[in-house]
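Here the structure is laid out as structure tokens; the discussion comes afterwards.
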Amino acid sequence: MSKVVVLNHPLIDHKMTIIRDKNTGSKQFRESVSEIGGLITYEISRDFETVPKVVESPVCRVDGFELAKKIVIVPILRAGLGMVDGIHDMIPHAKIGHIGLYRDEETLQPHTYYAKFPTDIKESLVLVVDPMLATGGSASAAITILKDRGIYNIRYVGLVGTPEGIKKLQEDHPDVDIYLAALDSHLNEEGYIVPGLGDCGDRLFGTK
Ligand SMILES: O=P(O)(O)OC[C@H]1O[C@H](OP(=O)(O)OP(=O)(O)O)[C@H](O)[C@@H]1O
Ligand SMILES: O=c1cc[nH]c(=O)[nH]1
Ligand SMILES: [Mg+2]
């Protein structure tokens, strides 16, 4: 069974409260989503494998390290895009793939409209990023899209999750560890996370 890590960090909690606040404007919302993406990445990269690397400092030869695996960030469009800059700031050499999915408002089922990945993604550690893990349908479908292409080294990185979403993701993809900034109570009848932060895509892009 996969690991579920709910990050417990004062800066993350502080910024999560900013984005939960309905009075937060779109500029601060966007900036905070991105910054939380960066903070999560710093925390979850503690166990990234490294390999030795020798360099010459201006003074002498020094034994150092570099990341063993390439990293690919795969945001689920649209809302996942909001986390990309913050993650990329932490791992500037990471490449970026994209999966386009939207959730049908009535059935809550995910529909795929786009998928594009770097050519060397199979040898990379893939971070699937999406702020909202609600029913878990979108995250599960995105990971299935990757696995159908032979991509298996995957972690899910989100901001707000629900027990329902975690259960779905763990059942469908027991090999994919789940990292979240917060675990919320439940879904309401419209499939929104309670307390959540509303429609993340709409708040990021001003579409409502
Ligand atoms: O866990 P689920 O029940 O599948 O819900 C979560 C999905 O819903 C939102 O996307 P949405 O469909 O609103 O698309 P958008 O990001 O383009 O607004 C969110 O960004 C997730 O991708
Ligand atoms: O609460 C929710 C659930 C799905 N998608 C969102 O943006 N918010
Ligand atoms: Mg949306």
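Just so it is clear, none of the values below were taken in a lab; they were calculated from the coordinates. Every value quoted in this text rests on a predicted model; they were computed, and no experiment measured them. Here the Cβ positions follow ideal geometry from the backbone for every residue, glycine too, while neighbour counts run over all protein chains shown.
Considering each residue of the range 111-140, count those that are near ligand 1 (Cβ under 10 Å from one of its atoms) and more than 14 Å from the chain's Cα centre (by Cα), and give that number.
4
Name the residues in the range 1-13 that are in a helix (DSSP H, G or I) and over 16 Å from Asp184 (Cα atoms), would you? Steps first, answer last, please.
Applying the first criterion (in a helix (DSSP H, G or I)) to the range 1-13 yields 10-13.
Those that are in a helix (DSSP H, G or I) and over 16 Å from Asp184 (Cα atoms): Pro10, Leu11.
Among the numbered criteria (1) closer than 25 Å to Glu49 by Cβ; (2) more than 16 Å from ligand 3 (Cβ to nearest atom), which single criterion is violated by Val129?
The single condition Val129 does not satisfy is (2).
Can you name the condition, by its number, that Pro92 falls short on among (1) out of contact with any Ser or Thr (no Cβ under 6 Å at 6 or more places or on another chain); (2) surrounded by 22 or more Cβ atoms within 10 Å (Cβ to Cβ)?
(2)
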